[in-house]
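Submitted below is the structure of interest, expressed as structure tokens.
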Amino acid sequence: MAGRAVCADGTEARRYDAFCDLHRAALAISEIGQVRQVVSLDPPMLTSEFEVRAGAVPFLSDVLPFLRYSGGLPLTIEGSIVSSASIDTVNDDSYTLYMDTVEIKGSNVPLLRQVLDSGLRLESRNLGGLLEQNLPGYSNPKPLFRTTYVDDTMRICRDQDGKLFVYSKLSNATSTTDYSDVTADLGVGSLLSSLSLLI
């Protein structure tokens, strides 16, 4: 949504949508896990968690040509893309968002996990501020998020182009997911557990 908010309506918006379509096609090999959105009021924040997994070695024959097996090893790369935004203004049926950070949590890739957990993340607001200072006419995007509450457990949200996002309330918790118990082993532990069932 923040990326779309930078684009003007018309040609720029169509180009952005085309880019998103290509991006989804490029990620077709991956699998989307749970998608969560956490809304907190003190301070007013909206956090999105988007869990993804993909084959760690999807095309084994590309690495070892003498192997005829065309698939990959049953190992997976997992992680959650977590984006945080401040709720800037609130109206009766909508609010504007101010993107703060984007980071990867719960990665199961050894060594990379330690780097990510040390605080590595994209400081979106700071980057936008730098661009504002150096690019005439640029301003940090503040996407509009319209919300219709169907009942106490379901809401329908719309972006500035009217695209729909349906959310179902699972709890009253306002804390984000703790990924500290995810093991950075590329899924080897799960693989061994599965193999033990075959013996």
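Coordinate-derived values only; no laboratory data. These numbers were taken from a predicted model, which means no experiment stands behind them. Cβ: placed from backbone, ideal geometry, glycine included. Neighbour counts: every protein chain shown.
Any idea what angle helix 188-198 forms with the longest principal axis of the chain, computed on alpha-carbon atoms, 0 to 90 degrees, nearest 10?
Compared with the principal axis, the helix lies near 50 degrees.
What are the semi-axes of the equivalent ellipsoid of the chain, taken as the square roots of 5 times the eigenvalues of the Cα gyration tensor, listed largest first and rounded to whole Å? Please list the in-between numbers first.
On the way: eigenvalues 243, 95, 65 Å².
After scaling each eigenvalue by five and taking roots: 35, 22, 18 Å.
Let me ask something else. Hey, with R₀ at 22 Å, roughly what FRET efficiency would LEU135 and ARG14 work out to, going by the Cβ-Cβ distance, to 0.05? Present the calculation step by step, with values, prior to reporting the outcome.
Values: r = 22 Å, r/R0 = 1.02.
It comes out at approximately 0.45.
For the chain, what does the helix formula give at 222 nm: sum of -39500 (n - 2.57) over DSSP H segments with n ≥ 4, over the residue count, nearest 500 deg cm²/dmol?
Details: 6 runs with 53 residues, N = 199.
That calculation yields -7500 deg cm²/dmol at 222 nm.
Would you please give the residues with an amide H less than 5 Å from that of ASP88, counting only those at least 5 places away or on a separate chain, with H modeled from the backbone geometry?
THR96, LEU97, TYR98
If you don't mind, another one. Using the Karplus equation 6.51 cos²θ - 1.76 cosθ + 1.60 (θ = phi - 60°), what ³J(HN,Hα) coupling, rounded to whole Hz, does each residue of segment 88-98 give in order, writing x for Gly and Pro?
Karplus values, whole Hz, x for Gly and Pro: 7, 9, 10, 10, 4, 10, 7, 8, 9, 10, 10.
Each label point is 7 Å from the Cα along the Cα-to-Cβ direction; what then is the distance between the points at SER168 and LEU127, in nm?
3.4
Identify all lysines with a Cα-Cα distance to LYS142 below 18 Å; exclude those on the same chain that are fewer than 8 residues away in sequence.
Straight-line reach from LYS142, under 18 Å: LYS163.
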